[in-house]
Amino acid sequence: MYLALFLASSSALLGYLYWNTAGFLTRQSEATVQAETIALVNQLDDGCRAALVLAVITKARDPRQNLYLLEDTNGEKLGGNLDAWPDVAAAEDGWISFEYGRRTVEGEVEIHEAQAVATRLPDNMRLLVGQDIEERRRLEAQITNALAWAVGAMIVLGIVGGAIISRNVVARIDDINRTAKDIMGGELSRRIPVSGAGDEIDQLAENLNDMLDQIERLMSGMRQVTDNIAHDLRSPLNRLRNRLEVTLMKPASQEEYAEALERSISEADELLGTFNALLLIARAEAGAARDGMAWVDLSALAQDAAELYEPVADEAGLTFDVDIEPALEYRGHRELLAQTIANLLDNAIKHAGGDAGGSTIRLSVKSRGMLGAEVIVADNGPGVAIDDRERVLGRFVRLEQSRNTPGSGLGLSLVSAVTRLHGGDLRLEDNRPGLRVVISLARRARRRPSDIAAE
Amino acid sequence: MQHQSIQAMGNDVRVLVVEDDVEAAAYIVKGLRESGHVVDHAADGDDGLNLAMSGQFDVLVIDRMLPKQDGLSVVSSLRDEGRTTPVLFLSALGDVEDRVSGLRAGGDDYLTKPFAFAELLARIEVLVRRASPGEAQQTKMQVGGLEMDLLSRKVMRDGQDIDLQPREFRLLEYLMKHAGQVVTRTMLLENVWEYHFDPQTNVIDVHVSRLRAKIDKNFETPLLHTVRGAGYTLRGPE
C-alpha cells in the first residue's frame, strides 16, 4: 500500500523530469526549425528568388547549421546542404522524419536521423528546413536510460528500505507490548527501552515510562500510607481492647461498667479522629483533593479561622494578633486550607507562652505580589529546636516537651501535606523565642477582580 | 439520659432506614426504636424507594451506596415525584464534593460514617421539626425570656439588651431556631461556621460558654444547657 503510493509519486516526479528535459529539447529544436522557415520565406517576400537562394546557400555552408534544401519544380536543387529530397511522406503534424548521409570532417559518410518541415513556395519552388536529431535522440536515450535506472533503483530501495523500517518499527512496538505484559505480570519496575533516535516511538516510550513512574510513585506512597495507618492504629486499638478485657475480669458495679464503657467510647472516638486525619493526609499527599480546587478568598478564610480561635486564645490568656491583608484570592482547596490554618492556630495556642505573662500568638496573611501569598503563624513558646524541625512534620511525632498536651501528632503532617498539594513551601523558623511557621503559597494568589477594577 | 429531648416530643416520629449493611442497620433501627421512634427498614434501593413513595414517613435515613439503586438516585426519583420528605444521607464518602453531590440530589443533611448515635438522633429531630407545618419565616424568636429580632438584629432577655458579636448572634440564632432540640458540636460547626472538619481543640465549647456568659450569667434560670455526650440545647423553663 505505502509502496504503491511511493512508486506512484516517484513515477510522477520522474515523468515531470523527463518532460522537462527531453521534451524541452524537442520543443526547442522544433521552434528553431519553424523560426528558420519563416525567416527564409520572408526573404522571398522582401526581394526576389535570388535573395532566398543566396540565404539558403549561405546558411547551408555552416556545418553546425540546420539542414536546408531548396528545389524548383523539376526537382533541381537550387541550394542547400541536403543532396536529395527525402522520399518520405510528411506525418500528420507536417513533420518529415528521414535519414540522410552526413559527411564528417574526415570525409566519411554517416547515416543520421533528421526531422524537417517542407514548405511550398511561389514559383513552384519548395523549401525543406530540418534539423539533424541524431544528437538529440542520443541525449533522449541517455535521459530515458538514466530515468529507467532511477526508477529501478527506487523500486528496489523502496522495497528494501520499507522492509527495514517496518521491521524496525514492528520490533520496537513488540518491545512495548512485551514490557506492558511484563508489567501486567507483576514486574512493576520494568520500563520500555528507548532507542535514542528521538523519533515518535521514542517519545511514546518516554511518555509511557513517565506514566509508569508516576503510577509507581503513587502506589508506593499508598503502600506507605497503609503501612503507617496499620502500624499507628494497632497500639491504640490494643489499648482499647485491653481496657475492656480488664474491666470484664473482675466483677464491678453498674457505675463502674458504665464508666469503663464511656471511656472506651471516647477512646474509640479519638481513634476515629486519628483515622480521619490520616486519610485526609493521605488524600492530600496523593493529590486526590485536586478536584476540590477553586478560587478561595484566602483573607476571609484566615479571618474566619482567627475568629474561631480568638475566644480559645483569650481563654488561655494569650494575646492574639491578627494581621490579614484583605481581598487576597488563592486557587486552592477551601476545606484543607481552612483546616491547615486551624491546625497551626491550635498548635500555637497549645505551645505559646510557658513563661508567665505576655504570651502572644500571631496570624498574618500577606501578598508577595507575583510570587503568591504567605501565611504565617507564630507563637512565643519554647519553639522547636533546629534538629527537630524536619522531624515534627512526620506523622505521630510529638516532642518530649509536649507529651502532656493533648494532640495526635498529625497536625503539622497535615499542614505539610496540604502545603505540598498546593505547590507551596513550608518553613519552620525561630521566632526568638518561639516557633514561626511560614507557608509560602506559590504563584496562584490574585487580588479579587472587583478590587482590581476599583483601583 | 441523652435522648430525653426526643422522647419529650411525645408524638411518634416515623423513620425509614435504607441501609444494606445488616449490622449497621440493626444498630440504627434498635437505637431509634429505643429512643421512641417507629422505624421501618429497607435493605436495597428499590425497596427503599417503594416504601418511601408510600409517603408515610416523617424522615428518611438513606445510605449512599446501596444495592440495585444507589441512594442518590433513590432521592432524585423521590424528588422528581414531588415527595418532600426530609432525607438524611449516611455515607462513608465524607469529602466536601461528595457532600455537595448528596445535597444537590435532594438530600437535606449529610452524615459521614462513622458517626455517634447522638449525632444521628439530633439531626433526625432537627429534620423532622423543620418539615413540620406552621414554621413560616419568622422575624422574631422567643425562648423563655430571651427574645431575638432578626430584622433589627437585637437580642433581649427580660427586657435587658444583650450585646452580641456577629458570630455569637449566628450561634444563638441557630440554637433558638432549634430550641428544645439537641444540637451537636458538629452541627454548630457546619451550620454556624460552615466548617466540615473536626478542630482538635473543642473550640465550639469555648464559643458556647462565651455566649452562655452573656445570656445566662446574670439571670436566675439558665436557658443554654449542655447535653452530656451529645451537645447543647436551648430551652425555656418547663
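Being surrounded by 11 or more Cβ atoms within 10 Å (Cβ to Cβ) and aliphatic (A, V, I, L, M) is the filter here, so list the residues in the stretch A:219-230 that pass it. If the condition is that a residue be surrounded by 11 or more Cβ atoms within 10 Å (Cβ to Cβ) and aliphatic (A, V, I, L, M), then A:M219, A:M222, A:V225, A:I229 are the ones that fit.
Here B:P114 meets the list (1) of a type outside the set (D, E); (2) buried (at least 22 other Cβ atoms within 10 Å of the Cβ); (3) free of Cβ contacts under 8 Å to residues at least 24 places away in the same chain almost entirely, failing just condition (2). Of the residues making up the stretch A:371-378, none is within 12 Å of chain B (Cβ to nearest Cβ) and either more than 41 Å from the chain's Cα centre (by Cα) or not polar (S, T, N, Q) (or both).
Every listed requirement among (1) in contact with a strand residue (DSSP E or B) (Cβ under 7 Å, 6 or more places away or on another chain); (2) farther than 20 Å from B:M187 by Cα; (3) free of Cβ contacts under 8 Å to residues at least 40 places away in the same chain; (4) surrounded by 15 or more Cβ atoms within 10 Å (Cβ to Cβ) is met by B:D70 save one, (1). Identify the residue in the stretch A:231-263 that is over 22 Å from B:G229 (Cβ atoms) and surrounded by 14 or more Cβ atoms within 10 Å (Cβ to Cβ) and, among all such residues, is farthest from the other protein chains (Cβ to nearest Cβ). Result: A:D232. Number of residues in the stretch A:34-63 that are surrounded by 12 or more Cβ atoms within 10 Å (Cβ to Cβ) and among the acidic types (D, E) equals 1.
Scan the stretch A:96-116 for residues that are touching a residue at least 60 places away in the same chain (Cβ under 8 Å) and hydrophobic (A, V, I, L, M, F, W, C) and the total you get is 1. What do you reckon, is A:N66 in contact (Cβ under 8 Å) with a residue 24 or more places away in the chain and exposed (fewer than 11 other Cβ atoms within 10 Å of the Cβ)? For A:N66, the condition - in contact (Cβ under 8 Å) with a residue 24 or more places away in the chain and exposed (fewer than 11 other Cβ atoms within 10 Å of the Cβ) - is not met. Residues of the stretch B:217-234 that are surrounded by 17 or more Cβ atoms within 10 Å (Cβ to Cβ) and either at pLDDT 85 or above or touching a Cys at 6+ places or on another chain (Cβ under 9 Å) (or both): B:L223, B:L224, B:V227, B:G231, B:Y232, B:T233, B:L234.
Going by the structure shown, is A:S11 among the polar types (S, T, N, Q) and either more than 14 Å from A:V129 (Cα to Cα) or in contact with a helix residue (DSSP H, G or I) (Cβ under 8 Å, 6 or more places away or on another chain) (or both)? The answer is yes for A:S11. When residues in the stretch A:117-171 are screened for being under 30 Å from A:G75 (Cβ atoms) and free of Cβ contacts under 8 Å to residues at least 12 places away in the same chain, 2 of them pass.
One line per residue, one yes/no per condition, for (1) in contact with a strand residue (DSSP E or B) (Cβ under 6 Å, 6 or more places away or on another chain); (2) buried (at least 17 other Cβ atoms within 10 Å of the Cβ); (3) over 22 Å from B:E23 (Cβ atoms); (4) of a type outside the set (S, T, Y):
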{"residue": "B:H41", "(1), (2), (3), (4)": "yes, yes, no, yes"}
{"residue": "B:L51", "(1), (2), (3), (4)": "yes, yes, no, yes"}
{"residue": "B:M65", "(1), (2), (3), (4)": "no, no, no, yes"}
{"residue": "B:L88", "(1), (2), (3), (4)": "yes, yes, no, yes"}
{"residue": "B:E97", "(1), (2), (3), (4)": "no, no, yes, yes"}
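In the stretch A:400-431, of all residues being in a helix (DSSP H, G or I) and at pLDDT below 80, the one that is surrounded by the most Cβ atoms within 10 Å (Cβ to Cβ) corresponds to A:G411. Checking every residue in the stretch B:199-211 against the condition of being in contact with a helix residue (DSSP H, G or I) (Cβ under 6 Å, 6 or more places away or on another chain), surrounded by fewer than 21 Cβ atoms within 10 Å (Cβ to Cβ) and under 27 Å from B:L103 (Cα atoms) gives at least one match. Just so you know, in the stretch B:69-99 the residues that are within 14 Å of another protein chain (Cβ to nearest Cβ) and touching a Phe, Trp or Tyr at 6+ places or on another chain (Cβ under 9 Å) include one that is nearest to B:I124 (Cα to Cα), and it is B:S91.
Scanning the stretch A:224-278 for residues that are in contact (Cβ under 8 Å) with a residue 12 or more places away in the chain and charged (D, E, K, R) returns A:D232, A:R239, A:R243, A:R263, A:E267, A:E270.
Counting only helices (runs of 4 or more DSSP H) that fall entirely inside the stretch B:1-114 and contain at least 2 residues that are polar (S, T, N, Q), within 30 Å of A:M293 (Cβ to Cβ) and at pLDDT below 90, the qualifying elements are B:71-80. Being away from chain B (no Cβ under 13 Å) and not in a strand (DSSP E or B) is not true of A:S266. Any residue at all in the stretch A:172-192 that is in contact (Cβ under 8 Å) with a residue 12 or more places away in the chain, surrounded by 15 or more Cβ atoms within 10 Å (Cβ to Cβ), within 30 Å of B:D198 (Cβ to Cβ) and of a type outside the set (G, A, S)? Checked the stretch A:172-192: no residue is in contact (Cβ under 8 Å) with a residue 12 or more places away in the chain, surrounded by 15 or more Cβ atoms within 10 Å (Cβ to Cβ), within 30 Å of B:D198 (Cβ to Cβ) and of a type outside the set (G, A, S). Return the pair list, or none, for Cβ contacts closer than 7 Å from residues in the stretch B:10-39 that are surrounded by fewer than 13 Cβ atoms within 10 Å (Cβ to Cβ) to residues that are not small (G, A, S), at least 6 apart or on different chains. Cβ pairs passing all conditions: B:D12/B:H37; B:D12/B:V38; B:R33/B:V39.
Selection of the stretch B:30-55 for residues being closer than 9 Å to B:L16 by Cβ and in contact with a Lys or Arg (Cβ under 6 Å, 6 or more places away or on another chain) yields only B:V39.
Exactly one residue among B:L103, B:L127 is under 21 Å from the mean Cα position of the chain (by Cα) and more than 19 Å from B:V39 (Cα to Cα), and that residue is B:L103. Condition check: surrounded by 14 or more Cβ atoms within 10 Å (Cβ to Cβ) and either within 30 Å of B:H196 (Cβ to Cβ) or at pLDDT below 75 (or both). Does A:A373 satisfy that? The answer is yes for A:A373. Remark: pairs (first residue in the stretch B:160-174, without any contact (Cβ under 8 Å) to a residue 24 or more places away in the chain; second residue basic (K, R); Cβ separation under 8 Å; 6+ apart in sequence or on different chains) = B:D161/B:K154; B:F169/B:R153.
The values are calculated or read from the model by the stated rules, or taken from the named source; none is laboratory data. The structure presented is a predicted model; accordingly, all values stated were derived computationally and were not measured. All Cβ positions, even for glycine, are placed from backbone atoms using ideal geometry, and neighbour counts span all protein chains on display.
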